Amino acid sequence: MFKSVNANENFPEMEKKWLKHWYEKGIVKKYLKKNNPSTSLRAKKYFSFLDGPITANNPMGVHHAWGRTYKDLWPRFYNLLGYKQRFQNGFDCQGLWVEVEVEKELGLRSKKDIENLVPGDSKASISKFVQLCKDRVLKFSKIQTEQSKRLGYFADWEHSYFTMSDENNYMIWNFLKNCYNHGWIYKGRESVPWCPRCETAISQHEMLTEDYKEIVHESVYLALPLVKTHDRASLLVWTTTPWTIPANIAVAINKDYDYSLVEGTSGELFWVAKDLIDAVFGKDYKRIVKTVKGQKLVGLKYDGPFDHLPAVSEVAKNYPEKFHTVIATDDLILPISVTEGTGLVHTAVSAGVEDFKLGKKYGLPMIPVIEDNADYRPDMGFLAGKNAKKHPEIILNYLREKDVVFKTHHYKHRYPACWRCKSELVWKVEDEWYIAMDKVPNSKFQVPNKSKIQNSKSQTLRQRMIEVAKKIKWMPEFGLDRELDWLKNMHDWLISKKNRYWGLALPIYECGGDKGCGGFEVLGSKEELKKRAVTGWKEFEGHSPHKPFIDEVKIKCQSCGKTVSRLNDVGNPWLDAGIVAYSTISEDNQGQPLYLKDKKKWRSWFPADFITESFPGQFKNWFYAQIAMSTVMENEPPFKRVLGFGTQLGEDGRPMHKSWGNAIEFNEGADKIGVDVMRWMFCRHNPADNMLFGYKKADEVRRQFYLMLWNVYKFFVEYANLDNFKARSQNFLAPVGTLPVGNGVSQVAKNFNSSLLLKKNVLDRWILSRFTELIISVEKNLKEFNAKDAALEIEKFVSDLSTWYIRRSRDRVWVNSDNEVDKNNFYETLYYILVNLSIIISPFIPFVAEEIYTNLKGGESVNLENWPEIDNKLINKKIKEQMNLARKIVEAGQAERKVVGVKIRIPLANLQVKIELTGNFKSISNEIWDVILKELNVKNLTVNNNFHYPKKEVKVAEAELEKEGKLRELIRQIQSSRKLKGLKPNDKINLTIPKEFEKEKDWIAKRVLAKKIVFDNKIIVQ
Ligand SMILES: [Zn+2]
Ligand SMILES: [Zn+2]
């Protein structure tokens, strides 16, 4: 007997039952070890999945469940196929995201607050702050682990990797040393995007399109009076960032444009681009005095409103030639628009990327105006100490007082914000550290040893990365173009972060300051640090390589012998996740990286076969960082294939937001939807498209697929129990462990004697053929990393199974059939299908798969099974085609019956149908025609006026047909009142029926399990 199946199963509760079982009975451990050579016979095949670490900073959202479903699906599939795997999950730990949350928790507002956490002791304060960051990571990694388990995700949870580990940090040192040896690390002084709250540079890689906000700023048209001219004319410039005006060095124009001198309503004169006169003045001007080419303006000098500030007058004095001059722009650096503004561009070399580049090209000086928190610097006179971003009115009011404002207007534009704290960014000139993308390396590093692109001419890191990126299989295919687009255009990689605490300690030792020689070195390992340490090793030993303890260690400058400290900066956080292919592959996911310990073994896992992440952002981040780091380390792709997927949105099509009420917290979603259904929703979705997710969508999937499967299973168990069906346990199934593991053969399949089936009912032959093709197609699709098509094929099959095979087989079970052989064939067929189906759906929906498998097969766990072996003999293309056609005929027949208006229960002597011929229905075998007749409940069928089945018309008297219909109706009524009374299928009844059925008494008694029948005018079931 099989355990009976509940029609109203509480699926989330069922899932929790299995979770408990899997972890308590060691099923997960056995699953992880299943294909491990030390415990099983043979597993030479490796499937290397590399996890993109989840940020351990908050609980998981349902959007994380999408990617994590893929991250579980393929390892499960390859485990069934007998591949050895690592099953390692990862957590991303270091960086601003954690710092910002810890700051919020503690109510800290600035760097000063952090360094005063232990009052008066900045080292102790930093140590405490770093510890709190570590604690936060550990707390949320635990929560995320539990949530992932709830999702049914099987992984080596006890040995997840953490990017804050010593192994990971030192491997990044190894990478940086490598870059240094190539001559690719340099210190650059540039205008960088800067967050005034976090007081740190935001690299170009971190500025994602979604971090731009639509912001309204008060923009200003400013008159800059020309000096040494007779006509008292001014240059009219326009800026959306008035706080940068004190930093103005030059005004840029396009030498080929026409510029006009315009006389305003009260006689003053302004230079503007001719094409913009109307836009600037409207009708409010007297006349155009003259028009000249921009070239004529080049070299003119002007006065600025802030020339008296000490920092400004200092630059004016030191650079009289360059200061406040009209220059011709370089179109490639700073193109000048004639659709907005004035055609004359305020250029502040210290406060803008293009301005800085232009300044560099023309050798312009710059005036640094703000400090790290965007306060004006002390040498900025009356502005000193005031915040440039928070108080833009200081500048505007002052300009109005000076009467140099032509007009202001509110201007809406897309403006970048800090990806972490959402503050508006500013631009600031800073010394930062970079990895050079376009530098040919030092001669001895020009061609890496044994490199796969040894003969290539690619020399610079950018060129090499492009070659490496092309070797990767990108899914969807546009991924490659997106990545190449980024690789071709990106700036050098800004790897330093000033003023931060919780991150990689950049191993750069610069011999700076007044007495230093100006050189710098990069250290590549803990061992090297120890060897080079002159002081502080004792204080550092035993600590992780983080602030503040790492900074106790000082080394000696190799050139001048001076004692040198580590740079105060931490690293760009994408270094952390980018190195994981090198740092996290280790023996049993523990200890020293195999890359250092046993490179040959490491090679069996590298490059990873597969990674999968949500696309947005990763081209500039994780994918980029991995490609960059692996190119430097080995000149090889770190992974062979990437499956990208879109963004999850609410059911209303909007991004999920708590405040909009369309966000779903993971645990709540899991308990309301059930994770099987959730996983199925992800699997059946096209990953290239964004996904709408919510409870209504979940209900559809539950009804249209999940419950259909459950009801097929329930049907089987209910009738198999009633008929006392026993799977031929001795012959049918071999005991677990008697077959070699790792060859991907399911024992259920191996022992299924398919030759017996060849004599079977056409329905059995058809469904077995369908099922065999399903197994082939699911395997093929999953091997192509196409979960969607695999899932949709399974849905179609389950629908066929339910709406055709089971529907047409209802007469073959229990009291409905007297043919014991056929009955047994039905059970055996459905049993074979359900057990094997439970195996092939287990990577998608492991809970219901386990429920079905363990109940039917009685084995330990579906998770320890092997992929079913198929028997090609079962594939029957002819039956498949004929059955497809048969179902079309049935559809047409049912439509025809509707037209005639006769219920399906009433048999018809003849039915005529017309179908558009999509196949040769003359080829349909008689046994399939019989299936059609039964389904349509007709005695004779005529298709398209010329085909008749049966050939010899079956003659039935009208009265006979009527009787048959009545009999069916009677049975239906009795069955439904049995149901209403809550009787079990094998409960016997006392029956009262009309006298007219006396002749069919015995037949009725058998069908409805009546022990006694009496006759009266009504129908009574007791
Ligand atoms: Zn910030
Ligand atoms: Zn030195």
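The values are calculated or read from the model by the stated rules, or taken from the named source; none is laboratory data. All values reported here derive from a predicted model rather than from experimental measurement. Quick reminder, even Gly has a Cβ in these numbers, built from the backbone with ideal geometry, and neighbours come from all protein chains shown. For the accessible areas, the whole protein counts, side chains as well, though only heavy atoms, and no ligand, DNA or RNA atoms are used. Shrake-Rupley method; radii C 1.70, N 1.55, O 1.52, S 1.80 Å.
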**OP:** For the range 880-940 and the range 619-680, write down the distance between their C-alpha centroids in whole Å.
**Re:** 48 Å
**OP:** Per DSSP H run of n ≥ 4, the term is -39500 (n - 2.57); total these for the chain, divide by its residue number, and report the mean residue ellipticity at 222 nm rounded to 500 deg cm²/dmol.
**Re:** -11500 deg cm²/dmol
Original post:
Can you give the alpha-carbon Rg of the range 868-958 over 2.2 N^0.38 Å, where N counts its residues?
Top reply: 1.20
Subject >> Placed amide H near V429: partners under 5 Å, 5+ positions off or other chain >> reply: V192
Original post:
Spin-label point model (7 Å from Cα, Cβ direction): what's the K407 to E467 distance in nm?
Top reply: 5.8 nm
**OP:** Would you count, across the range 284-344, every pair of lysines whose alpha carbons are under 21 angstrom apart, provided the pair is eight or more residues apart or spans two chains?
**Re:** 5
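Dipole size in debye (nearest 20) for the chain around its Cα centre, Lys and Arg Cβ +1, Asp and Glu Cβ -1?
Numbers: 157 positive and 129 negative charges, 717 e Å.
Dipole about the Cα centre, nearest 20: 3440 debye.
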Original post:
If we count every other residue with Cβ under 12 angstrom of G571's Cβ, Lys/Arg +1 and Asp/Glu -1, where does the sum land?
Top reply: +2
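With all protein chains present, how much of the accessible area of the range 951-1016 (probe radius 1.4 Å) comes from carbon and sulfur, to the nearest whole percent?
Details: 2360 of 4600 Å².
Its accessible area is 51 percent carbon and sulfur atoms.
Fully extended, how many nm does the chain gain between H657 and D811 (0.36 nm per residue separation, minus their Cα-Cα distance)? Before the final figure, lay out the partial values.
Working: separation 154, 0.36 × 154 = 55.44 nm, distance 5.26 nm.
This chain segment gains 50.2 nm when fully extended.
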Original post:
Label points 7 Å out from Cα along the Cβ direction at D485 and S925: separation in nm?
Top reply: 5.5 nm
Original post:
With point charges of +1 on the Cβ of Lys and Arg and -1 on the Cβ of Asp and Glu, referenced to the Cα centre of the chain, which listed residue (L792, V899, C418) lies farthest in the positive direction of the dipole?
Top reply: V899
Original post:
Straight-line reach from K914: which aspartates and glutamates have Cα under 16 Å away, leaving out those fewer than 8 places along the same chain?
Top reply: E891, E896
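Give me the net charge of V778's neighbourhood, meaning all other residues with Cβ under 13 Å from the Cβ of V778; Lys, Arg count +1, Asp, Glu -1.
+1
Which of the trypsin sites (Lys or Arg not before Pro) found in the range 152-234 are loop residues per DSSP with 10 or fewer other Cβ atoms within 10 Å of their Cβ? If you can, show how the numbers build up before the last one.
Details: sites: K177, K187, R189, R197, K213, K228, R232; in loops: R197, K228, R232.
In loop regions of the range 152-234 (DSSP not H, G, I, E or B), the sparsely surrounded trypsin sites (Lys or Arg not before Pro) are K228, R232.
Starting from the range 913-955, pick out the GluC sites (Glu not before Pro) whose DSSP state is loop and whose Cβ has at most 16 other Cβ atoms within 10 Å. Numbers along the way, then the final one.
Values: sites: E916, E927, E935, E953; in loops: E916, E953.
Filter output for the range 913-955: E916, E953.
Given a 1.4 Å probe and every protein chain left where it sits, what share in percent of the accessible area of the range 324-434 is carbon and sulfur? Walk me through the numbers before you get to the answer.
On the way: 2470 of 4820 Å².
Roughly 51 percent of what the probe reaches on the range 324-434 is carbon or sulfur.
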Original post:
Among K44/K84; K389/K498; K104/K128; K898/K979; K128/K177; K25/K142, which pairs are too far apart, with a Cα-Cα distance over 18 Å?
Top reply: K389/K498; K898/K979; K128/K177; K25/K142
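What ranking, highest mean first, results for peptides 857-870, 823-836 when packing means the other Cβ atoms within 10 Å averaged over each residue? Spell out each step's value before the answer.
Working: 857-870: 20.9, 823-836: 22.6.
Most protected by this proxy first, the peptides run 823-836, 857-870.
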**OP:** Determine by what factor the alpha-carbon radius of gyration of the range 471-511 differs from 2.2 N^0.38 Å, reporting the quotient.
**Re:** 1.82
Original post:
How big is the equivalent ellipsoid of the chain along its three axes, where each semi-axis is √(5λ) from the Cα gyration tensor, reported in whole Å from largest to smallest?
Top reply: 73, 37, 25
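For K951 and K29 in one chain, what is 0.36 nm times their gap in residues minus the Cα-Cα distance, to one decimal in nm?
Once the chain is fully extended between K951 and K29, it gains 325.6 nm.
Would you work out what percent of the accessible area of the range 784-870, with all protein chains in place, is carbon or sulfur (probe 1.4 Å)?
Details: 910 of 2270 Å².
Reported share for carbon and sulfur atoms: 40 percent.
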**OP:** May I ask for the Rg/Rh ratio of the range 519-578, computed from Cα atoms with Rh as the Kirkwood radius, given to two decimals?
**Re:** 0.97
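May I ask you to derive the FRET efficiency for K17 and V902 from their Cβ-Cβ distance with R0 = 35 Å, giving the value to the nearest 0.05? Don't skip to the answer; put the middle values down first.
Working: r = 48 Å, r/R0 = 1.38.
Between K17 and V902 the formula returns 0.15.
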Original post:
Counting only residues 5 or more places away or on other chains, whose amide H sits under 5 Å from the amide H of L908 once H atoms are built in the peptide plane?
Top reply: V938, K939
Subject >> Flagged links, alpha-carbon separation over 31 Å, of K473/K597; K878/K951; K878/K1001; K71/K796; K857/K934 >> reply: K878/K1001; K857/K934
Subject >> Pairwise label distance in nanometres, E969 with K783, each label 7 Å out on the Cα-Cβ vector >> reply: 5.7 nm
**OP:** Taking only protein heavy atoms into account and a 1.4 Å probe, give the accessible area per residue of the chain in Å².
**Re:** 43 Å²
